[in-house]
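Written below as structure tokens is the structure these notes are about.
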Amino acid sequence: MRQADAQPRNSRAGRANEFMGVPRPVVALARDLPPSHEIDWHSHPRFQLVYAARGVMTVDTRDSTWVVPPQRAVWMPPKTEHRVRTSGEVHMRTLYIEPAAAKRMPRACEVFEVTPLLRELILRATELPLEYDERGPAGRVMRLLLDELAALPRLPYNLPMPKSAPLDAICARLMDAPNDAATLEDLASRHGTTARTLARHFRRQTGMSFAEWRRRARLLRALGWIAEGRPILAVALDLGYDSPSAFSAMFRRELGAPPSHFRGTA
């Protein structure tokens, strides 16, 4: 259930778009959000970096779902409609960047690994005055922040969402019940089509095979549950894995780290 908007931790109260006219290339805001909180659909005129200093956020766009675990960030172009949902308590730190200052950045949504240096730069940026001195130390912090941001690696934390029947219903079901073990043949039978047709449409609409899409859906659901503090064994079983070792092996293969690495941290 959506809760009333929480106030930012710093003194910059109000909605983010109220600050988009600040005459600086970067606007940095801090906001702490409670568990199970939702910021409804909206967009911004600037590029946006949404960073989870603590907790896990799910960022939905009209085309995809993006999961932002601790020490990760999602990048969005201007005017991208999106909503934000939290898993557990989230310390959200957001950068709003003018297009002229983001020429080295992608023009599509991405999830980035946040380096220790970038983390400190983001936290420092939220403490600076909105109209910081561009020629002084604050301006150097922001320029270094933009340099570090441009060098970040991209990560596979998105889940493309199909828009046509029956794939939209199938994907919604699999997201609600990630332990559903139905095969492609089972799903095709339920929806009056063939496995070959479903497989073709999955690839065309998501760019992924059915097996890849379901594995990614389970992975992203697991990230949220782990951030909420659920035991690794319970998460593995709830996702349909026979053992924690098989679950951990999937995590290492996909993300290069064990599940425990993605617990919420300050």
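The values are calculated or read from the model by the stated rules, or taken from the named source; none is laboratory data. Every value quoted in this text rests on a predicted model; they were computed, and no experiment measured them. Note: ideal-geometry Cβ built from the backbone for every residue, glycine included; neighbour counts use all protein chains shown. Accessible surface is based on the protein model in full, side chains and every heavy atom, while ligands, DNA and RNA are left aside. Shrake-Rupley method; radii C 1.70, N 1.55, O 1.52, S 1.80 Å.
Okay, here's what the table says:
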{"item": "Cα Rg, Dmax, region 26-113, angstrom units", "result": "12.0, 35"}
{"item": "Residue-by-residue Karplus 3J(HN,Hα) for region 137-146, coefficients 6.51, -1.76, 1.60, Hz, glycine and proline x", "result": "x, 5, x, 5, 4, 5, 5, 5, 4, 5"}
{"item": "Carbon/sulfur fraction of accessible area - the chain, other protein chains in place, 1.4 Å, %", "result": "51"}
{"item": "Highest-first arrangement of 94-106, 125-137, where packing means the average Cβ count within 10 Å", "result": "94-106, 125-137"}
{"item": "Computed log₁₀ I(q)/I(0) - Debye formula, equal Cα scatterers, no solvent, region 71-174, q 0.16, 0.19, 0.23, 0.24 Å⁻¹", "result": "-0.84, -1.10, -1.44, -1.51"}
{"item": "Between helix 167-176 and the chain: long-axis angle, C-alpha atoms, 0 to 90°, nearest 10", "result": "80"}
{"item": "Over the chain: Kirkwood hydrodynamic radius from C-alpha pairwise inverse distances, Å", "result": "19.6"}
{"item": "Accessible area expressed per residue, the chain, with surrounding protein chains retained (probe 1.4 Å, Å²)", "result": "46"}
{"item": "Nearest-20 debye value, region 59-116 charge dipole, Cβ charges on Lys, Arg, Asp, Glu", "result": "160"}
